Amino acid sequence: MTAGLNGPIVPRRLAGPPPGWSEPTDVVVVGSGVAGLTAALHLREAGLHVTVVTKVNIDDGSTRWAQGGIAAVLDPLDTPEAHAQDTLVAGVGLCDPFAVDVLVREGPTRVRELIRWGAEFDRNNDGSLMLTREGGHHANRIIHAGGDATGAEVQRALHDAVHRDPWIRLIEHALVLDLLTDANGRACGVTLHVLGEGAEDGVGAVQARAVVLATGGMGQIFAATTNPIVSTGDGVALALRAGARVTDLEFVQFHPTALALGNHDSQQPLVSEALRGEGAYLRDGDGNRFMVGRHELAELAPRDVVAKGIYRVMRAEGTDNVWLDARHLGGEFLEGRFPTIVASCRAAGVDPVTDLIPVSPAAHYASGGVRTDLHGRTSIPGLYACGEVACTGVHGANRLASNSLLEGLVFARRIAEDIARGLPEQTEPVRVDLPSWSADPAIRPQLQAAMSAHASVLRSADSLDQAAQALTKLSLDRAAANVAAWEASNLLTVASALVAAAMQRQETRGCHWREDFPDASDVYRGHFLAALDDAGALTETWEDV
């Protein structure tokens, strides 16, 4: 079925001046997290010239905030089949089993490769990798670094490796605007806005023989998120404007345990699931462990189950948080294993050694994104996507803990291999005459408030209709052409597509929870594919699994 949906009209191109400068490269990679930098390194191994474009600085994306670790079968007693089964269970019937098989079988090799590039993970006294467990896993298969600073170590190692290669060109403080395509509809570069002085100041273009999107997530469409402020859905919005297929946007995973500070800053500190993996308990206002009896894994149930459990307690008690109890683990263990969490809590006036930690769910990870095949190819020739911006089919309706860094490693390598097998000659972009404008930058807090109130963990037909109406009322400005306006446009585009898909999916599955349809339905065992028509109106096409 295909349906036109009520909601705002969004731009097919962002308003802005034509490129005032241009430079060539073989492949342009947009994003500098684990997916983007891994792709760049593998592309260089294939002998290609690579330009990496990143929105702020190379280390300012989501990767460095990953606390828990990387899931991979590195224990001889564990198996890829067991890892696959845990992933499929968490995905609630919507995972692509072929993509999952690729992930679990190629993952260990990619992790060892990361170690060869210089990443240092925590080890036991005998030198073996220290393995732990997180929610949804039935085996200890999570490696970590610095206790709870895995993402920072992965980012450091990749950053160092990239800087050792003079043929990787890095453009920082650059917001990518739109995709360039040639006369045959093939991707041949991007337009971008670079802050700074000199010839690159302002809007320019990087022309390339292939484009890799690795722009991360879209958590900033919500008022409370663990995502950094740069996570405004830029890659998904660009792909929609370019005509690429986007899917599963309704499945946004809310991390159950963000530090509840009483006010919503631009980024909520994360209290890693690994803390529960090491034995911390969730308690309600009366001190009861409310997850016991709700799921066989209690506090280590999949994230959607834990987030729903927390929301039910908060709603019943009329509070803004529940409590995480790690006091019994002891100060020496907590400070050694979780130094980042301990520091974040103490900075907020909470000492995990002696105090209960106030926690509540916050938008954390987008399981959906730009639809790709097993080689990272999108529906537009020459355009690839990997990492959180992509929907490879690995996560289904709910990402299994610590599969995200692994997915970035595995599919970045596959993209590089596919590009190296047959990269065409550079072609010239053609002008695409489509409606262009940008959103008023002032809409951002209104959009975030509406999405958190009506389209977050608790959803219903009424709440989603309120979200859609709120988004439709947000204003557009055909004259706006600046970073704040472009980001607001991307937020409006992605939020509108999410709400449209969530309205269509009349069931509860994974991290999509409909109060008016509390059960999963076989009718909805499939995917909604989002697209924009020429005028900028959203449509959704159904695809059975």
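Using alpha carbons only, the radius of gyration of the chain set against its Kirkwood radius gives Rg/Rh = 0.95. Once Lys and Arg get +1 and Asp and Glu get -1 on their Cβ, which of 438, 506, 494 lies farthest toward the positive end of the dipole of the range 434-521? Most positive-ward Cα: 438.
Dipole magnitude for the chain: about 260 debye, using +1 per Lys or Arg Cβ and -1 per Asp or Glu Cβ, origin at the Cα centre. Compared with the alpha-carbon gap, the fully stretched path from residue 140 to residue 374 is longer by 81.6 nm at 0.36 nm per residue.
Calculated on the alpha-carbon coordinates, the convex hull of the range 155-198 measures out at 136 cubic angstrom per residue. Shape class for the range 100-230: prolate, because the ratio a/c of the largest to smallest gyration tensor axis (alpha-carbon atoms, square roots of eigenvalues) is 1.5 or more and a/b beats b/c.
Relative contact order for the chain using alpha-carbon pairs under 8 Å, separation at least 6, rounded to a whole percent? 24 percent. Evaluate the relative contact order of the range 241-348 (contact order divided by residue number), counting alpha-carbon pairs under 8 angstrom at least 6 apart; express in whole percent. So the answer I get is 29 percent. With equal scatterers on the alpha carbons only and no solvent term, can you work out the Debye log10 of I(q)/I(0) for the range 434-521 at 0.19 1/Å? At q = 0.19 Å⁻¹ the computed log10 ratios are -0.79. Overall, the anisotropy analysis places the range 259-361 in the oblate class: the square-rooted eigenvalues a ≥ b ≥ c of its C-alpha gyration tensor yield a/c not less than 1.5, with a/b not exceeding b/c. Per residue of the chain, the DSSP helices (runs of n ≥ 4 H) give a summed -39500 (n - 2.57) that works out to -10000 deg cm²/dmol at 222 nm. Just check the range 354-483 against the gyration tensor rule for me: Cα atoms, a ≥ b ≥ c as the square roots of the eigenvalues, rounded for a/c under 1.5, and otherwise prolate or oblate depending on whether a/b exceeds b/c. Oblate. Here the label points at residue 333 and residue 466, each 7 Å from Cα along the C-beta direction, are separated by 4.3 nm in the simple model.
Site pair residue 478 and residue 294 shows an inter-label distance of 5.1 nm when each label is modelled 7 Å from Cα along Cα→Cβ.
To the nearest 0.05, how large is the calculated FRET efficiency for residue 115 and residue 347 if R₀ is 35 Å and r is the Cβ-Cβ distance? For residue 115 and residue 347, the calculated efficiency is 0.65. Ranked by the mean number of other Cβ atoms within 10 Å of their residues, highest first, the peptides 273-281, 179-187 come out as 273-281, 179-187. Among beta bridges from DSSP that stay inside the chain, the antiparallel ones total about 65%. Protection proxy ranking of 139-146, 388-395, by the mean of other Cβ atoms within 10 Å over each peptide's residues and highest first, is 388-395, 139-146. Label 7 Å along Cα→Cβ of residue 75; the range 97-131 residues with amide nitrogen under 14 Å? Only 124, 129-131 fall inside the zone, counting backbone N under 14 Å.
With a simple spin-label model that places each label point 7 Å from the Cα along the Cα-to-Cβ direction, the separation between residue 317 and residue 355 comes to 1.6 nm.
Working note: Karplus 6.51/-1.76/1.60 with θ = phi - 60° gives the range 465-482 the couplings 5, 5, 4, 4, 5, 5, 5, 5, 7, 6, 8, 10, 9, 5, 8, 5, 8, 8 Hz, where Gly and Pro are set to x. Calculate the FRET efficiency for residue 428 and residue 124 from the Cβ-Cβ distance with a Förster distance of 56 Å, rounded to the nearest 0.05. So, using R0 = 56 Å, E works out to roughly 0.50.
FYI, it's all coordinate maths here, none of it is from the lab. As the structure is a prediction and not an experimental result, all values here were calculated from the model. Here the Cβ is made from the backbone with ideal geometry for all residues, glycine too, and neighbour counts use every protein chain on show.
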